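The values are calculated or read from the model by the stated rules, or taken from the named source; none is laboratory data. No experiment lies behind these values; they were computed from the predicted model shown. Note that we place each Cβ from the backbone using ideal geometry, even for glycine, and neighbour counts take in every protein chain shown.
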Ligand SMILES: CC(C)(COP(=O)(O)OP(=O)(O)OC[C@H]1O[C@@H](n2cnc3c(N)ncnc32)[C@H](O)[C@@H]1OP(=O)(O)O)[C@@H](O)C(=O)NCCC(=O)NCCS
């Protein structure tokens, strides 16, 4: 129990999250769509290399406010920094423009496969959860990975997220329910994971 506590504390100290800026947006795009895990991810989202979203498409979804901090009530993107060597190793962000008060959706991706499986994802997620809870009063967090993305599902469960039935009315603002009832991966192809603090 004691050793488990020490391990948990070390995992938590492993990374810090730092506000991303416009200078980081292209990098965020490249690490998502041009990394060594991207072919796997884009297939899950129904894209091929030929139909991949362009950087301009990306900026239409990863809006300015994620990178300039102008609408914290709607969301913000952060860089994940490995504390051991101060290296930027990934991105994490929350979105709340479409969710009910106190609820936020989270997503994350690392630079490449070599950084995965080391606890960086759960560490960054829990940093963000703690920050949003303390500073903005968010209490319910959800993530919707594709069922087939077992690495992501395992990681989010390790961060304390629990598989939960999606009742859209509980999580989404009424005007967004129809759009988000189904995930980006298609009907029944995602797992709805929730953490409350
Ligand atoms: C999802 C992601 C952020 C998780 O962060 P992470 O730091 O890799 O998380 P973890 O260190 O907890 O490792 C993931 C878990 O999956 C396991 N795993 C690793 N490779 C795996 C594979 N090919 N298949 C299944 N599970 C795998 C790991 O063993 C680990 O579990 P364990 O520690 O119990 O062994 C990161 O893996 C990532 O960036 N993946 C690519 C992008 C992505 O899929 N983003 C999520 C979109 S919803």
**Report entry** Candidate set: the range 179-188, residues that are out of contact with any helix residue (DSSP H, G or I) (no Cβ under 8 Å at 6 or more places or on another chain) and in a loop (DSSP other than H, G, I, E, B); chosen: the one modelled with the lowest pLDDT
**Finding:** 184
**Report entry** Answer residue from the range 39-65, given it is in a helix (DSSP H, G or I) and under 27 Å from residue 127 (Cβ atoms) and is nearest to the ligand (Cβ to nearest atom) among those
**Finding:** 41
**Report entry** Hits in the range 131-152 (condition: within 11 Å of the ligand (Cβ to nearest atom), within 17 Å of residue 92 (Cβ to Cβ) and outside any strand (DSSP E or B))
**Finding:** 144, 145, 149, 151, 152
Report summary line: If you go through 36, 68, the only one that is within 16 Å of the ligand (Cβ to nearest atom), surrounded by fewer than 20 Cβ atoms within 10 Å (Cβ to Cβ) and either more than 21 Å from residue 134 (Cα to Cα) or over 16 Å from the mean Cα position of the chain (by Cα) (or both) is 36
Query raised in the report: Taking the range 179-193 only, how many residues are surrounded by fewer than 19 Cβ atoms within 10 Å (Cβ to Cβ) and either within 15 Å of the ligand (Cβ to nearest atom) or touching a residue at least 60 places away in the same chain (Cβ under 8 Å) (or both)?
Result: 8
Query raised in the report: Within the range 106-126, is there a residue that is part of a loop (DSSP other than H, G, I, E, B), over 23 Å from residue 191 (Cβ atoms) and more than 16 Å from the chain's Cα centre (by Cα)?
Result: no
Query - Residues located in the range 153-173, provided they are in contact (Cβ under 8 Å) with a residue 12 or more places away in the chain, outside any loop (DSSP other than H, G, I, E, B) and within 16 Å of the ligand (Cβ to nearest atom) - result: 153, 155, 156, 157, 158, 162, 163
**Report entry** Every residue from the range 71-105 that is assigned to a loop (DSSP other than H, G, I, E, B), in contact with a strand residue (DSSP E or B) (Cβ under 8 Å, 6 or more places away or on another chain) and away from the ligand (no atom under 16 Å from the Cβ)
**Finding:** 74, 96, 97, 98, 100, 102
Report task. Just one of (1) within 11 Å of the ligand (Cβ to nearest atom); (2) touching a residue at least 40 places away in the same chain (Cβ under 8 Å); (3) in a helix (DSSP H, G or I) trips up residue 176, so point out which. Result -> (1)
